[in-house]
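J.: Here it is: the structure, laid out below.
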Amino acid sequence: MMKTKIAGSSYFLAILMAIAVLFWTQARVQAAEANELVIADFDTGDKPNNIGGDLGSWNKDPNDETQGCHMAFASDDAKGNPAGFSIQLDYDVDSKNPAYNGFWMKLNGADLSAYKFLNFYIKGDAKAGFTKRVKLELKDMSNKPSPYVVGGITDKWQKISVPFEKLRQISDWKHINEFVLVFDDVNSRPKAGTIFVDNITVSKE
Ligand SMILES: [Ca+2]
Ligand SMILES: [Ca+2]
């Protein structure tokens, strides 16, 4: 009689603990979701991005065939997702004319005011060669670019986190228009190569 009672109460305790763990896990998942907003993981292998924004490459002078940037979806995913994709940028700023080009992506006026960091993954292609430095720009609806130079790019995926306070020209975090990457003949050495970008997010920490 006594034995059954003990077995019964420990069974009850185990259920209580399982419920507690379940709630704790759920709370953690919800906290993680609220902590980070995925803007673009490119995992559909197509446009638009995760918040409905268009994206593509841009060229300063489309008539100058000696410079340009070509965008493609690459199967090399930053998080190792075998079904995922990243963005491949083949750039060339080697020209006798002033040269710059890169990647643009719309954020459709997203409200990022609850977040503190702009994050993304970047790496270069060892075979094609790649610049170790690239300039990013974030723009609110005024389209004034907030430039930030990312350095130390290697041929391995690396997470870059840019604190919002470094993006000084943004005056309206409630309406963000565009994310831009710039290859230019100042920062880009070598002047032609391949860069991969993936998993562009904003986060609170
Ligand atoms: Ca991806
Ligand atoms: Ca060239």
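Just so you know, all these numbers are worked out from the coordinates, no wet-lab data involved. Everything numeric in this text was worked out from a predicted model, so none of it was measured. As a convention, Cβ positions derive from the backbone with ideal geometry for all residues, glycine included, and neighbour counts pool all protein chains shown.
J.: Counting pairwise Cα distances across the chain, what percent come out greater than 19 angstrom? Present the calculation step by step, with values, prior to reporting the outcome.
T.: Values: 13651 of 20910 pairs.
Value for the chain (Cα pairs over 19 Å): 65 percent.
J.: Over the chain, with a Gaussian network built from C-alpha contacts below 10 Å, which listed residue (F85, F23, F73) shows the highest mean-square fluctuation?
T.: Looking only at F85, F23, F73, the biggest GNM fluctuation is shown by F23.
J.: I've got another one for you. Take D46 and S142, extend 7 Å from each Cα along the Cα→Cβ direction, and tell me the distance between the two endpoints in nm.
T.: Spacing of the two 7 Å Cα→Cβ label points: 3.8 nm.
J.: Which angle between 0 and 90 degrees, to the nearest 10, do you get for helix 2-35 versus the longest principal axis of the chain when only C-alpha atoms count?
T.: Long axis of 2-35 versus the principal axis of the chain: about 20 degrees.
J.: Using +1 at the C-beta of Lys and Arg and -1 at the C-beta of Asp and Glu, which of Q67, S146, N50 has the Cα lying farthest in the positive direction of the dipole of segment 38-203?
T.: S146
J.: Beta carbons within 10 angstrom, averaged per residue: use that to sort the peptides 142-149, 100-107, 131-138, highest first.
T.: Values: 142-149: 14.1, 100-107: 21.9, 131-138: 20.2.
Per-residue mean Cβ counts within 10 Å order the peptides as 100-107, 131-138, 142-149.
J.: Further question on the same structure: For segment 38-203, calculate the relative contact order in percent as a whole number, restricting contacts to Cα pairs under 8 Å that are 6 or more residues apart.
T.: Working: 456 pairs, mean separation 51.3, N = 166.
Result for segment 38-203 is 31 percent.
J.: Let me ask something else about it. Starting from the amide H of T66, placed 1.01 Å from N in the peptide plane, find each other amide H under 5 Å away whose residue is 5 or more places distant or on another chain.
T.: none
J.: Shifting gears a bit: Among residues other than D155 whose Cβ falls under 10 Å from its Cβ, what is the net charge (Lys/Arg +1, Asp/Glu -1)?
T.: +2
J.: With 26 Å as the limit, write out which pairs from K96/K139; K60/K116; K96/K159; K47/K123 have Cα-Cα distances beyond it, or answer none. Spell out each step's value before the answer.
T.: Numbers: K96/K139 30 Å; K60/K116 31 Å; K96/K159 34 Å; K47/K123 21 Å.
Among K96/K139; K60/K116; K96/K159; K47/K123, the Cα-Cα distance tops 26 Å for K96/K139; K60/K116; K96/K159.
J.: Decide, for segment 101-205, between rounded, prolate and oblate: order the square roots of the alpha carbon gyration tensor eigenvalues as a ≥ b ≥ c, take rounded if a/c falls under 1.5, and otherwise choose prolate if a/b is larger than b/c, else oblate. Mind dumping the intermediate values first?
T.: Working: a/c = 2.29, a/b = 1.72, b/c = 1.33.
Since a/c reaches 1.5 and a/b is larger than b/c, the shape of segment 101-205 is classed as prolate.
J.: How much net charge surrounds N101 when only other residues with a Cβ under 12 Å from its Cβ are counted (Lys, Arg +1; Asp, Glu -1)?
T.: Details: positive: K60, K135, K191; negative: D61, D64, D90, D92, D94, D184, D185.
Overall, the nearby charge balance is -4.
J.: Work out the FRET efficiency for V149 and A83 from their Cβ-Cβ distance, taking R0 = 45 Å, and round it to the nearest 0.05. Intermediate values should be presented prior to the final figure.
T.: Values: r = 33 Å, r/R0 = 0.73.
Calculated transfer efficiency: 0.85.
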